[in-house]
Every structure is written in C-alpha cells, then in structure tokens.
Amino acid sequence: MPGTQSFDITTGCDLQEVDNAVNQATKEIQQRYDFKGLKVSIDFRRSENKIVLQAPDDYKLKAMWDVLQEKMIRRKVPIRNLQPGTRQPVEPSSRKLFCSRGSRRKQRALSSSSSKRRS
C-alpha cells in the first residue's frame, strides 16, 4: 500500500528587493510633477511585512500604488501576494500653526495700527 504524499508550495520574496523597489518608487514619485509640493510617503515596515502609502487623496494613492507595483515587477518581486488594506484618513499636521512670541507681538502691533487707521 503506497503512502500518501503531500507537498507544500511556498513562494517567498527577497525583502531586500522589496526595499529597493520601495526606494525606487519613492524617488520617482518625488520627481513627478503631479506630486510636487505634496506630502506623500511610502514606508516599508520590514518587521510587520507591511508597506504603508500616505497621500492626500485617493487619486494620488492609486498613482503611487501603480508606480510601486511597476517597480516591484521590474525587480521580479511577486505582486500577487500584495493585498491592499483599508484606507485610513490621516489628520494633516500642516494645518496647525505655531508662532513664536515675537511674531505674536508683531501681529498685535500690526492689528492695532490698522485699527488706529480706521478710527
């Protein structure tokens, strides 16, 4: 009676190649005209096996995803194992304004001088 045989097929990927693809995608995105002045990032978290994309809107996020996939394909990293996660809104920190005491004094002086002119 023959014994049953089983085998597992596992596909692994070289994490250094993933890191290289992320770096190439980041460089390309920083040089693209439609991303100039925007706060976007691609973060490869090796310990969690995650790649985190941050962009201001869904259109930019989709463009970043396409660039990242293109770079991974060129570096022969299998992309079929990539699964897009949930989109999480991130509160922009650029809306917070901090000013020093000197600038507050200057603003007060400017506002008081403009109110004196009106009177």
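The values are calculated or read from the model by the stated rules, or taken from the named source; none is laboratory data. In this text the structure is predicted, and so the values were computed from the model without any measurement. Please note: Cβ atoms are built from the backbone with ideal geometry, for glycine as well, and neighbour counts cover all protein chains shown. These area figures cover heavy atoms from the full protein model, side chains too; ligands, DNA and RNA do not enter into them. Shrake-Rupley method; radii C 1.70, N 1.55, O 1.52, S 1.80 Å.
Calculate what fraction, in whole %, of the accessible area of segment 11-79 sits on carbon and sulfur atoms when a 1.4 Å probe is rolled over the protein chains. Exposed carbon and sulfur together represent 48 percent of the surface. Summing Cβ point charges (Lys, Arg +1; Asp, Glu -1) relative to the Cα centre of segment 37-80 gives a dipole of roughly 300 debye. Among all the aspartates and glutamates, which ones have a C-alpha under 19 Å from residue 76's C-alpha, if same-chain residues fewer than 8 places away are not counted? Here the aspartates and glutamates satisfying the reach criterion relative to residue 76 are 14, 17, 19, 28, 66. Net charge of the neighbourhood of residue 14, taken over other residues with C-beta under 15 Å away and scored Lys/Arg +1, Asp/Glu -1, is +3.
Remark: accessible surface ordering of 41, 47 (largest first) is 47, 41, probe radius 1.4 Å.
For segment 17-74, the alpha carbon convex hull comes to 75 Å³ per residue, rounded to a whole number. Evaluating 6.51 cos²θ - 1.76 cosθ + 1.60 at θ = phi - 60° for every residue in segment 39-49, the Karplus couplings come out as 8, 10, 7, 10, 10, 9, 9, 5, 5, 9, 6 Hz, glycine and proline recorded as x. The phi torsions of segment 76-85, fed into the Karplus equation with coefficients 6.51, -1.76 and 1.60 and a -60° offset, translate into couplings of 6, 9, x, 9, 5, 7, 6, 10, x, x Hz, rounded to whole numbers, with Gly and Pro shown as x.
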